[in-house]
1. Treating the beta-carbon of each Lys and Arg as +1 and of each Asp and Glu as -1, no other charges, what is the dipole magnitude of segment 168-252 about its Cα centre, to the nearest 20 debye?
2. Between N215 and V121, 0.36 nm times their residue separation minus their Cα-Cα distance comes to what?
3. Give a residue-ordered list of calculated ³J(HN,Hα) values for segment 66-79 (Karplus: 6.51 cos²θ - 1.76 cosθ + 1.60, θ = phi - 60°; whole Hz; x for Gly, Pro).
4. Report in % the part of the accessible area of segment 166-255 that belongs to carbon and sulfur, leaving out ligands and nucleic acids; probe 1.4 Å.
5. With the dipole of segment 186-290 worked out from charges on the C-beta (+1 for Lys and Arg, -1 for Asp and Glu) around the Cα centre, which of S212, V283, S222 lies farthest toward the positive end?
6. What is the gain in length, in nm to one decimal, between S111 and S60 on full extension, counting 0.36 nm per residue of separation less the C-alpha to C-alpha distance?
7. With a cut-off of 20 Å, note down the residues of segment 194-218 whose backbone N falls inside the zone around a label point 7 Å from the Cα of K266 toward its beta carbon.
8. Show the residues, 5+ positions off or on another chain, whose built amide H is closer than 5 Å to the amide H of G198.
Amino acid sequence: MSGLSANLQIEPAVTQAFAAMDARALHLAISGESIVLEKTLGSLSNDTSSEFDSLQTQVSTDEAKFILFNLGSPVNKWLLVAWVPDMAQVRSKMLYSSSKDHVKKTLGLTSFKGDYYANDVADLQWDSYSASLVKVVSLNEREEVLEQEKQDKIADGGGQVTAGAAMGVVPFSLTSEATAQLTKFKSGELHFVSLGLGAECTINVSEGFDASGVNIVGAVGSAPLASKLVQTSPSFVCVRCAGPIAGSTVEVFVYSCPENSPVRTKMSFSTAKSAALSEMKRVGVVFEKNFEITEASEVDDVLKTIVEGEKSGASSAAAEIKHKKPSRPGKGRARQIKKFVPDDP
């Protein structure tokens, strides 16, 4: 079956409509040895979620099809919906299920945000699709440790793991605004950035974000940061602290997850954390310290501990060097001189 799917030809009408990106949805069908454009529906000017919900009335319960759904701004990518209902013929189910990767590769993988498998009309609801992006796994204590090690490795860029692999589902990506603020943080123009989750799996600047007046934490004239953080919702916080040497800095990542946040929101942020770190590293923002707080009011105490710890560490290192016993001049180990003992006559 995979060999057959690889031989399917995508008609020019599909390619043209796909490239234009001016429709909300493209309905595709497999006809003979071709993938054809059945119809083009919807407008990008309408609400994304309501347009997605309208797919429920545009499908048949006994015929499979592909629906390319335009996620619109700020994502500007397609979602491949594989509609494979239980009542469809077995051969049709197999053909559509095995062909979705071929469709994405032929049209261009970078143009897709991901794919979504649906076999029930209830699956064609925006809430159902959004819920599929949150991966919730029940783990025992040892599995949690192993999973955290895996996520830390992903966040640190270990191996050849992408942000998409970090999520295990459709990857989160930075909006242009978030990228712009992180670029300023990287250059030193900003010393604080707060990020949240936006629509269609995006990472955007937090609502009400204001970096004005924020100096390097621990520097002369630096003000408390707690009032700048989102108080009732999780956020990913990038902050710059004074380093151990005059003029040096330490970049710190703080995951703020207030206890009074909605459970579903906390789950979404927890799932997106590794992808967020991976995306930030992609634009050149890396962190030396990584902390989690459960109240925004805790941030200043945490950062104070970091600054004092850095200065204390530098002082201890300097003191150790100052009081260290000088080593013997020259290279290599000191030679041991043995007393001469004459041979017996």
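The values are calculated or read from the model by the stated rules, or taken from the named source; none is laboratory data. Note that the coordinates shown come from a computational prediction; the quantities given were computed from them, not determined experimentally. Counting neighbours? That spans all protein chains shown, and the Cβs are built from the backbone with ideal geometry, glycine included. For accessibility, only protein heavy atoms count, side chains too; no ligands or nucleic acids. Shrake-Rupley method; radii C 1.70, N 1.55, O 1.52, S 1.80 Å.
1. That gives a dipole near 220 debye.
2. Details: separation 94, 0.36 × 94 = 33.84 nm, distance 5.26 nm.
Between N215 and V121, full extension yields 28.6 nm more.
3. 9, 10, 8, 9, 7, 6, x, 6, x, 6, 6, 9, 9, 10
4. Numbers: 1930 of 3560 Å².
Of all accessible area on segment 166-255, carbon and sulfur atoms account for 54 percent.
5. V283
6. Values: separation 51, 0.36 × 51 = 18.36 nm, distance 2.68 nm.
This chain segment gains 15.7 nm when fully extended.
7. 195-198
8. Hits under the 5 Å cutoff: I203, N204.
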